[in-house]
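K.L.:
Quick one: the structure is below, and I'll ask about it shortly.
The values are calculated or read from the model by the stated rules, or taken from the named source; none is laboratory data. Worth saying up front: this structure is predicted, and the values here are computed from it rather than measured. A quick note on method: Cβ atoms are made from the backbone with ideal geometry, for glycine too, and the neighbour counts reach across all protein chains shown.
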Ligand SMILES: Nc1ncnc2c1ncn2[C@@H]1O[C@H](COP(=O)(O)OP(=O)(O)OP(=O)(O)O)[C@@H](O)[C@H]1O
Ligand SMILES: Nc1nc2c(c(=O)[nH]1)N=C(CO)CN2
Ligand SMILES: [Mg+2]
């Protein structure tokens, strides 16, 4: 997605959610400085074994789709959106790439990272504390911002971890992208809300709006992007 087009979406997101651009940029600056001190890694450092991708989101169909994937497999680049990492680990799979703003089940994300998954860590106004806490425990990562990219942080387009994973796939040259566990709608799972206590629950109004944006951004890339999207 061209930066001017993304920045129009971003302006609407700031208005709709009441997020602070300044806070987003402070967080991005923290991540940028960290990465600058650690070799300024770019997208070429990510593991991409195939131009056929699968993106796992944390919706209610996630477990079923992880099991379905295990039956077909093949040579595919596996991308987990944040909390979806846990469901892959539960089935003995390590994603090649995890797209995260560091609010999934962090012990699982750290474990997958230790076992070879590369991370695409997103900075925004509500995760500066998580960046401070977890960056020292992570390796093999690149950084993203939802504001204007510069220096060692990138912006491939997209908002939530799931739709950003699809924009990342396009930027990495993907030809096909399967969407798994990407239900959107009004139901969240324990993968998305690690502290929820039950398997599923109703999304709160903010989460519902995030999922609406995620769905609309994926519709946008289906219409305007190069990748072929298959929805499971
Ligand atoms: N029903 C759903 N519930 C949760 N996530 C979903 C759902 N459908 C699709 N997804 C995708 O799965 C991704 C991973 O979920 P997760 O809740 O861990 O992400 P998130 O972007 O950090 O959201 P939040 O900001 O609410 O924590 C989401 O970003 C979203 O794009
Ligand atoms: N400022 C801010 N930005 C975000 C947030 C969030 O909660 N606050 N959540 C996101 C993932 O869904 C993506 N971007
Ligand atoms: Mg997240």
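K.L.:
Sort out which residues of the range 211-232 are within 10 Å of residue 177 (Cβ to Cβ) and either under 15 Å from the mean Cα position of the chain (by Cα) or modelled with pLDDT under 95 (or both), and write them in order of number.
P.N.:
The one that is within 10 Å of residue 177 (Cβ to Cβ) and either under 15 Å from the mean Cα position of the chain (by Cα) or modelled with pLDDT under 95 (or both): 218.
K.L.:
Any idea how many residues of the range 106-138 are more than 16 Å from ligand 1 (Cβ to nearest atom), part of a strand (DSSP E or B) and without any contact (Cβ under 8 Å) to a residue 24 or more places away in the chain?
P.N.:
Residues that pass the stated criteria total 0.
K.L.:
Residue by residue through the range 180-197, note down the ones that are in contact with a strand residue (DSSP E or B) (Cβ under 9 Å, 6 or more places away or on another chain) and more than 8 Å from ligand 1 (Cβ to nearest atom).
P.N.:
180, 190, 196
K.L.:
If you don't mind, there's one more thing I want to ask. Please verify whether the range 139-151 includes one or more residues that are part of a loop (DSSP other than H, G, I, E, B) and at pLDDT below 95.
P.N.:
no
K.L.:
Please go through (1) over 23 Å from residue 19 (Cα atoms); (2) surrounded by fewer than 16 Cβ atoms within 10 Å (Cβ to Cβ) for residue 225 and return the number of the only condition it doesn't satisfy.
P.N.:
Going through (1) over 23 Å from residue 19 (Cα atoms); (2) surrounded by fewer than 16 Cβ atoms within 10 Å (Cβ to Cβ) one by one, residue 225 breaks only (2).
K.L.:
Residue under question is residue 121, and the condition is that it be surrounded by fewer than 17 Cβ atoms within 10 Å (Cβ to Cβ) and modelled with pLDDT of 95 or more; does it hold?
P.N.:
So residue 121 does not fit the description; no.
K.L.:
Can I ask one more? What number of residues within the range 152-185 are in a helix (DSSP H, G or I) and either on the phi > 0 side of the Ramachandran plot or surrounded by fewer than 24 Cβ atoms within 10 Å (Cβ to Cβ) (or both)?
P.N.:
Adding up the residues that qualify gives 2.
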